[in-house]
1. Restricting attention to the range 28-38, does a residue exist that is exposed (fewer than 12 other Cβ atoms within 10 Å of the Cβ) and modelled with pLDDT under 95?
2. Take the range 1-35 and flag every residue that is over 16 Å from residue 79 (Cα atoms), in contact (Cβ under 8 Å) with a residue 12 or more places away in the chain and not small (Gly, Ala, Ser).
3. For the range 39-58: of the residues being more than 10 Å from the chain's Cα centre (by Cα) and closer than 15 Å to residue 10 by Cβ, which is surrounded by the most Cβ atoms within 10 Å (Cβ to Cβ)?
4. For the range 53-84, what are the residues that are outside any strand (DSSP E or B), in contact with a Ser or Thr (Cβ under 9 Å, 6 or more places away or on another chain) and small (Gly, Ala, Ser)?
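The values are calculated or read from the model by the stated rules, or taken from the named source; none is laboratory data. Note that the coordinates shown come from a computational prediction; the quantities given were computed from them, not determined experimentally. Every residue, glycine among them, receives a Cβ derived from its backbone with ideal geometry; neighbour counts consider all protein chains shown.
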Amino acid sequence: MNKVTMRGQAGELRWSYHRAAEVKQWELFGSTLTATLVTSDAYRLAQSPLTFVVPRANGAWSWPLESLQVDGQSITATVRAEEA
């Protein structure tokens, strides 16, 4: 099965409606998300469930996170693909 790659300039990690982190230069390859942190709230990043959200002109794309690792300003996460 082929893996889809998506890239973007801006996104965020949310805990419910709270912004846990703002990211830039993100890449989603299959179910692996990598990105650079711009801002973050350590308390909110430690909560569950977290969602990766990419704001768009007419709404947003979002993926629930299954795992998250933060290493300085870099994050790596596993996202769960949801069926429509």
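1. The answer is no, given that none of the residues of the range 28-38 is exposed (fewer than 12 other Cβ atoms within 10 Å of the Cβ) and modelled with pLDDT under 95.
2. 9, 18, 19, 22, 24, 25
3. 40
4. The one that is outside any strand (DSSP E or B), in contact with a Ser or Thr (Cβ under 9 Å, 6 or more places away or on another chain) and small (Gly, Ala, Ser): 81.
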